[in-house]
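This report concerns only the one structure given below.
Throughout, read-outs are computed from the coordinates displayed, never taken from laboratory work. Since we're looking at a predicted model, the values are computed, not measured. Positions of Cβ are generated from backbone atoms using ideal geometry, with glycine treated the same way; all protein chains shown enter the neighbour counts.
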Amino acid sequence: MHSHSQYEQKDAAGKRANPSSRFRTFLISESTWQKMIGHCKREFPLEACGLLSGKNGIAKTVWPMENINRSPVSFSMDLEQIRRVFELIDKRDECLIGIYHSHPTGKAYPSAGDIAYNNYPEVGHLIVSLASKTPVVKCFEMKGKKVTSLFIQLVG
Ligand SMILES: [Zn+2]
């Protein structure tokens, strides 16, 4: 299987010290990707948020969640809704792979609040920026205050 990360490793063989060979890759199916972006656009100008589940490390199911803050600059999920969705994820024999939310007018990078209130250090965090005409999506791993970029790879 060829992936972005292998491609980047070849780059890293060059003279410039390139830390990207250490980047991990977030795998997501094309249709899940489209649904996630569609959800974010529908909620505009408010922030949208949701969960991504799947198998074998590939995000295949999108779970649009309610942003109980109903805010253009922050999001927060309802704990009861999270519990119900986790049950449904279990029933599908899937596991939580990622979390997404939108930045209606901000860039695709975690805000101070995203980092401070992150309850899921073990999954990828996708941020969908709707600040320009074409949505920009980036993926991060957030452990404590450490933010690491992940590559995103769309799979069939
Ligand atoms: Zn955010």
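When +1 charges are put on Lys and Arg Cβ atoms and -1 charges on Asp and Glu Cβ atoms, the dipole computed for region 105-156 relative to its Cα centre reaches about 180 debye.
Loop-located trypsin sites (Lys or Arg not before Pro) in region 116-156 (DSSP state not H, G, I, E or B) with no more than 12 neighbouring Cβ atoms inside 10 Å: Lys133, Lys145. By the gyration tensor of its Cα atoms, with a ≥ b ≥ c the square roots of the eigenvalues, what is the shape of region 93-156: rounded for a/c under 1.5, prolate for a/b over b/c, or oblate? Oblate is the answer for region 93-156, as a/c is 1.5 or above yet b/c matches or exceeds a/b. Dipole magnitude for the chain: about 540 debye, using +1 per Lys or Arg Cβ and -1 per Asp or Glu Cβ, origin at the Cα centre. Sorted fewest first by neighbouring Cβ atoms within 10 angstrom, Asp93, Asp78, Asp114 come out as Asp93, Asp78, Asp114. The lysines whose alpha-carbon is closer than 23 Å to the alpha-carbon of Lys133, local same-chain residues fewer than 8 away aside, are Lys35, Lys41, Lys107. For a straight C-alpha distance cut-off of 15 angstrom, the aspartates and glutamates reachable from Lys146 (same-chain residues fewer than eight places away being disregarded) are Asp114, Glu122. A simple charge model with +1 on the Cβ of Lys and Arg, -1 on the Cβ of Asp and Glu and nothing else charged puts the dipole of region 63-124 at about 220 debye relative to its Cα centre. In terms of the Cα gyration tensor, with a ≥ b ≥ c the square roots of its eigenvalues, is region 25-155 rounded because a/c is under 1.5, prolate because a/b exceeds b/c, or oblate? It is rounded, given that a/c, with a ≥ b ≥ c, falls under 1.5.
Take every Cα pair under 8 Å in the chain that's 6+ residues apart, average their separations, divide by the length, and report that relative contact order as a whole percent. The normalised contact order for the chain reaches 24 percent. Of the candidates Gly57, Gly98, Gly124, which one comes out as most mobile in a Gaussian network treatment of the chain with C-alpha springs shorter than 10 Å? Greatest mean-square fluctuation among the candidates belongs to Gly57. Measure nothing but the geometry: give the 0 to 90° angle between the long axis through the Cα atoms of 79-91 and the longest principal axis through the Cα atoms of the chain, rounded to 10°. Tilt relative to the chain: about 60 degrees.
Calculated mean residue ellipticity at 222 nm for the chain: -8000 deg cm²/dmol, from DSSP H runs with n ≥ 4 weighted as -39500 (n - 2.57), summed, divided by the residue count and rounded to 500.
Relative to the longest principal axis of the Cα atoms of the chain, the long axis of helix 30-43 makes an angle of roughly 50 degrees.
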